[in-house]
Amino acid sequence: MAEWQSSVDLARLADWMDARQLGSGPIEEVAPLGGGTQNILLRFRRSGSLYVLRRPPAHPRPESNETMRREARVLAALAGSSVPHPRLIAACGDVAAIGTAFYLMEPIAGINAAETLPPFHRTPAVQHRMGLAMVEAIAALGSIDPQTVGLSDFGRAEGYLARQPGRWRRQLESYAAFENWPGPDALPGIDRIGDWLAANCPDATAPGILHGDYHIGNVLFRPDQPELAAIVDWELSTIGDPLVDLGWMVATWQGEDGTSAIVAVDPWTGFPKTTELIEHYRRHSNRDLAAIDWYIVLACYKLGIILEGTFARAAAGLADRETGESLHNSTIRLLERALSRIES
């Protein structure tokens, strides 16, 4: 039995949809969709209409239901905006309906460049536009006033940047609990980077909506165009400084020196250089980018520490060793990128 079949009671889902006049009759053509997370995504048809259901994994984490509620809330807030996103149809925060919080959204016709590239999306000119389209989307997201769309309490914007270095240093220190983890000495410049971030924290720009994990694997491109169909996987969204998302995109991009992207695309033939991404953002936003290196270094530091967590668990026999070592190597590459920004 597929995981989703034991995790989603279609009869209960149909009852919930009936009460909201979302079609009638049986739920048909049910098929799981892939994604960048462990959450369950199901595409199905009812009364001639197509839906996608998103719910937590079969074994939800303690925060999973609240994550679903937050995702649905931010998608609802984006309705009518110029930010490409899945259109929310309905959401249920009450776990009584099907056992977890969940929401329904419209299916997106799009391709994930990190998974596969059709011939059209392999040409340099198309890839160049794909990169610029990503920048425009995140600039549009950062221009939305959270208070205007009902998200003023969606995150703690005050002091957001200042909290980041210490927050992730503590995360790294927590890995000492994993047996056989070689420790921070195996991570080049980790203390220096953390100290530099703490000492050079910029003044925050106006609060905005953050995606929280903005990279090329978390967007879908239109099948016949280089434009974005949707930004997906909003589980880390919050309120803070939107330049954090730009920093994250640059940190995961192919390096100016040709070093491979942290989130790989094959082939990588025409995507813009990171300097062009930054300049394109500048043309589409009134935010001050004078301290953009700080945001890029923060992204390298934070993502590197997150990836190192899997390596620490692998060292203790709690995760796949090969995966852990691969992510450890990515952490080293990220820290080297951070050091090059500090030293330039």
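Values quoted throughout were computed directly from the atomic coordinates according to the rules given, and no laboratory measurement underlies them. Just so you know, these numbers come straight off a predicted model, no measurement behind them. As a convention, Cβ positions derive from the backbone with ideal geometry for all residues, glycine included, and neighbour counts pool all protein chains shown.
Apply the a/c threshold of 1.5 to the C-alpha gyration tensor of the range 3-105 and tell me whether it is rounded, prolate or oblate. The shape class here is rounded.
Rounded to the nearest 20 debye, the dipole magnitude of the chain is 480 debye, with +1 charges on Lys and Arg beta carbons, -1 on Asp and Glu beta carbons, and the Cα centre as origin. Local charge for residue 243 was computed over the other residues whose Cβ lies under 12 Å away, with Lys and Arg +1 and Asp and Glu -1, and equals -3.
A full extension of the chain between residue 283 and residue 106 corresponds to an added length of 60.6 nm, given 0.36 nm per residue minus the alpha carbon distance. Other residues whose C-beta falls under 13 angstrom from the C-beta of residue 139 contribute a net charge of 0, scoring Lys and Arg +1 and Asp and Glu -1. Among 138-147, 14-23, 208-217, the peptide with the highest mean count of other Cβ atoms within 10 Å heads the list, and the full ranking is 208-217, 138-147, 14-23.
Counting only other residues whose beta carbon sits under 14 Å from that of residue 208, what net charge do I get with K and R as +1, D and E as -1? Spelling it out: positives minus negatives among the neighbours equals -3.
Assuming a ≥ b ≥ c are the square roots of the Cα gyration tensor eigenvalues, decide whether the range 119-343 counts as rounded (a/c under 1.5), prolate (otherwise, with a/b larger than b/c) or oblate. Oblate shape, in that a/c is at least 1.5 and b/c is the bigger or equal ratio. For the range 58-119 versus the range 211-242, the spacing of their alpha-carbon centroids is 12 Å.
The value of relative contact order for the range 119-343, using C-alpha pairs under 8 Å at least six residues apart, is 29 percent.
The distance separating the Cα centre of the range 9-28 from that of the range 266-337 comes to 42 Å. The GluC sites (Glu not before Pro) of the range 49-108 that meet both conditions, a loop assignment by DSSP and at most 13 other Cβ atoms within 10 Å of the site Cβ, are 63. Within the range 298-314, what residues put their amide N at less than 18 Å from the label point 7 Å along the Cα-to-Cβ vector of residue 343? Of the residues in the range 298-314, 298, 300-301 have backbone N under 18 Å from the label point off residue 343.
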